[in-house]
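Below is one structure, written out as structure tokens, with a few remarks after it.
The values are calculated or read from the model by the stated rules, or taken from the named source; none is laboratory data. Nothing here was measured: the structure is a model prediction, and the numbers come from that model. Glycine gets a Cβ as well: all are built from the backbone with ideal geometry, and neighbour counts include every protein chain shown. These accessible areas exclude ligands, DNA and RNA; they are computed on the full protein's heavy atoms, side chains included. Shrake-Rupley method; radii C 1.70, N 1.55, O 1.52, S 1.80 Å.
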Amino acid sequence: MPDSNCQKASAASSHTQPPSQSQQHVPQQHAQQQQYVTQQQFIQQAQQAQKQIQQAQQMQQQMQQAQQMQHMQQQAQQMQQQSQQQPQQMQQQSQQQHQQMRQQSQQQPQQAQSGLEGGPLYQAKLPYPPVKAMCENRTYAFAMLDNVGGNNSEISAVSLYFYNHLRTASCAEIASCFHHVSIVEMHHLEIFGTLALQLGVDPRLWTRSRNQMVYWTPRYNQYPVELSKLLTNAIQGEEKAIEKYQYQIEHIEDCNIVENLKRIILDEQIHIQVFQDLYQRYVSSC
């Protein structure tokens, strides 16, 4: 009996042998495959997420560009509206200014005469227009610059009247007239200098002659000493200035420059009357 039990145990042990190595590798391979699949899915999901982020960024850029384009279109429309309105406004302003100047020119002779009767009047009572050229224009700029520092210019008048003021010191009334007229001419000088600068040139005391800049010189003036010649020279200088400014009015299309020229002419006309009155009382009556 013991032998038979041993035989049975031996037979049972022969049926329960350990698994082979190939059977042990099967679960490991399956786990590795699952891990690989999981990694591939993760990579695909990461790639998809990156694509979505890029698409979102592109959409955001497109929206920004669309907003910029819309803003630019609005600005273009505003500029177009302004450009359409500006000619109408400028035309209305020009018409109003021309109408005012016509009224002023009609009233000026009476005002100048009444001013001389009631006491010395050295400039028109009407206000000066604003000094604001429409845009840069070198042709107009050199014309204004010649009014500043040319031969027949405001600086020539200022310097001459300063000299005449000193030479006529023995007659207080005549000396005072030249002093006050020179102050008005200095204002004209400032107006023309400002216009020249706005129009695009350096407002020095010079002018352009034969394509080069020539500085003003006191040699441009004549300096008579005898009273009759001194007053005649002053009257002729004012007449030449008026003639020059009227010529510029006919050839300049900038309404602001034209209005300033017309306003300055009113002052020059009064200066002629002042000097003629002095001549009549101090020269003709003697």
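Suppose the filter is touching a Phe, Trp or Tyr at 6+ places or on another chain (Cβ under 6 Å) and either under 21 Å from residue 283 (Cβ atoms) or open to solvent by less than 20 Å² (accessible area, probe 1.4 Å) (or both); does residue 261 pass it? Yes: the conditions hold for residue 261. Determine, yes or no, whether residue 185 is surrounded by fewer than 16 Cβ atoms within 10 Å (Cβ to Cβ) and part of a helix (DSSP H, G or I). In short, no. Of the residues making up segment 153-176, not a single one is open to solvent by 60 Å² or more (accessible area, probe 1.4 Å), out of contact with any Gly (no Cβ under 8 Å at 6 or more places or on another chain), among the β-branched types (Val, Ile, Thr) and under 28 Å from residue 249 (Cβ atoms).
Taken together, 79, 101, 144 contain a single residue that is modelled with pLDDT of 95 or more, under 28 Å from the mean Cα position of the chain (by Cα) and part of a helix (DSSP H, G or I), which is 144. Which of the residues belonging to segment 47-76 are open to solvent by 100 Å² or more (accessible area, probe 1.4 Å), within 40 Å of the chain's Cα centre (by Cα) and of a type in the set (S, T, N, Q)? The answer is 60, 61, 62, 65, 67, 68, 70, 73. Can you tell me which residues in segment 264-286 are without any contact (Cβ under 8 Å) to a residue 40 or more places away in the chain and surrounded by fewer than 17 Cβ atoms within 10 Å (Cβ to Cβ)? Listed by number, the residues that qualify are 280, 281, 284, 285, 286. Applying a threshold of 8 Å to beta carbon distances and a minimum spacing of six or more residues, or different chains, the list of pairs starting in segment 48-68 at a residue that is free of Cβ contacts under 8 Å to residues at least 40 places away in the same chain and ending at one that is assigned to a helix (DSSP H, G or I) and not small (Gly, Ala, Ser) is empty. Could you go through segment 211-234 and let me know if any residue there is in contact with an Asp or Glu (Cβ under 8 Å, 6 or more places away or on another chain) and within 22 Å of residue 122 (Cα to Cα). Scanning segment 211-234, I find no residue that is in contact with an Asp or Glu (Cβ under 8 Å, 6 or more places away or on another chain) and within 22 Å of residue 122 (Cα to Cα), so the answer is no.
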